[in-house]
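First up is the structure itself, then whatever we jot down about it.
The values are calculated or read from the model by the stated rules, or taken from the named source; none is laboratory data. Quick caveat: nothing in here was measured; it's all calculated off a predicted structure. No Cβ is skipped: glycine too gets one built from the backbone with ideal geometry, and neighbour counts run over all protein chains shown.
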Amino acid sequence: MGSNATQAGGVRQRRVLLVGLTHLMMRTLEGPLSDAAHVSAVPFPSAAFDRVADELRPHLVVVDVTYLSEERVRPLMMERFAELGAVLVFTSEAGGGWMDDLGGRVSGPIESHAADVLLSLVAPPALSVVSA
């Protein structure tokens, strides 16, 4: 679906990239997020991550740092997605985490990594009216 992801009927969807999720986190997030967004999941580091990060152009990137070093991964992700102005969330199976809104230049803790909380961090893309 790439950068022009749409639902049936032509409504533009938010694009979410799940990075390095454990099986538990995948079960917790993938289904609920998929109900409201175009979701792709990739391991990190990997060639799949590089390819999908470029093609998807995500609005929201959720990075599971359960088994990754947040101190090492966060700067890499911030550099990778800065141009897009994506919202980055670093979370783990323990819950909560840290959010960096690269477009709004706002950072801070988040209490929950529930799907509805994550989706509330990114507004749906604006619709444009096209004359017939």
Practice problem: Determine, yes or no, whether residue 57 is more than 20 Å from residue 20 (Cβ to Cβ) and at pLDDT below 95. | Solution: no
Practice problem: Name the residue, out of 82, 47, 94, that is within 18 Å of residue 28 (Cα to Cα), out of contact with any strand residue (DSSP E or B) (no Cβ under 6 Å at 6 or more places or on another chain) and among the small types (Gly, Ala, Ser). | Solution: 94
Self-check item: Where a residue in segment 40-62 is under 16 Å from residue 102 (Cβ atoms) and its partner, wherever it lies, is assigned to a helix (DSSP H, G or I), with Cβ under 6 Å and at least six apart
Solution: 57/3; 61/81
Quiz item: Which is modelled with pLDDT of 90 or more and under 19 Å from residue 123 (Cα atoms), of 69, 92, 107?
Solution: 107
Quiz item: Of everything in segment 12-41 that's among the basic types (Lys, Arg) and touching a strand residue (DSSP E or B) at 6+ places or on another chain (Cβ under 9 Å), which residue is surrounded by the fewest Cβ atoms within 10 Å (Cβ to Cβ)?
Solution: 12
Quiz item: Of (1) out of contact with any helix residue (DSSP H, G or I) (no Cβ under 7 Å at 6 or more places or on another chain); (2) within 15 Å of residue 15 (Cα to Cα), residue 53 satisfies all except one. Which?
Solution: (1)
